[in-house]
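Please read the structure below before turning to the comments.
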Amino acid sequence: MHARSFISCLVCGAAACLVACGRSDESRVIEAITVSIDAANNCTLESKPVECAQVANVIHERYPTSKPRVDICLQKETRYEAATEVMQSVSAAGFTVGNFDCGKTTVGG
């Protein structure tokens, strides 16, 4: 009987840890985030590929309590359409479109 209680406690503890670990980004508030668009018009957010038109949705899913400024890093060969998709997504979600300098200026937080 004690073995079952012990195993139940372990399972509950593991579940609690997983839930707590899964919420780490949700409670984090961010002020700025950068989207990169490469020469092939692929968008990347925090080193992970995303659909350019879905950038705002991904930001909202990862940081539901944040309204960050979204800086856009464009490679020279990027087409206008990819940048427009990102800007429309961001603006429609109520986020602010920031700069386009690829992190060359200091972010003041």
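Every read-out reported here was derived from the displayed coordinates using simple, explicitly stated rules and does not represent laboratory data. Computed from a prediction, not measured in an experiment: that's the story for all the values here. Every residue, glycine among them, receives a Cβ derived from its backbone with ideal geometry; neighbour counts consider all protein chains shown.
Data overview
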quantity: Under-5 Å amide H pairs with Q75, H placed in peptide plane, nonlocal only; calculated: I37
quantity: Filtered GluC sites (Glu not before Pro), the range 37-80: DSSP coil and at most 11 other beta carbons within 10 Å; calculated: E77
quantity: Spin-label pair E51/C102, simplified geometry with 7 Å Cα→Cβ offset, distance in nm; calculated: 2.7 nm
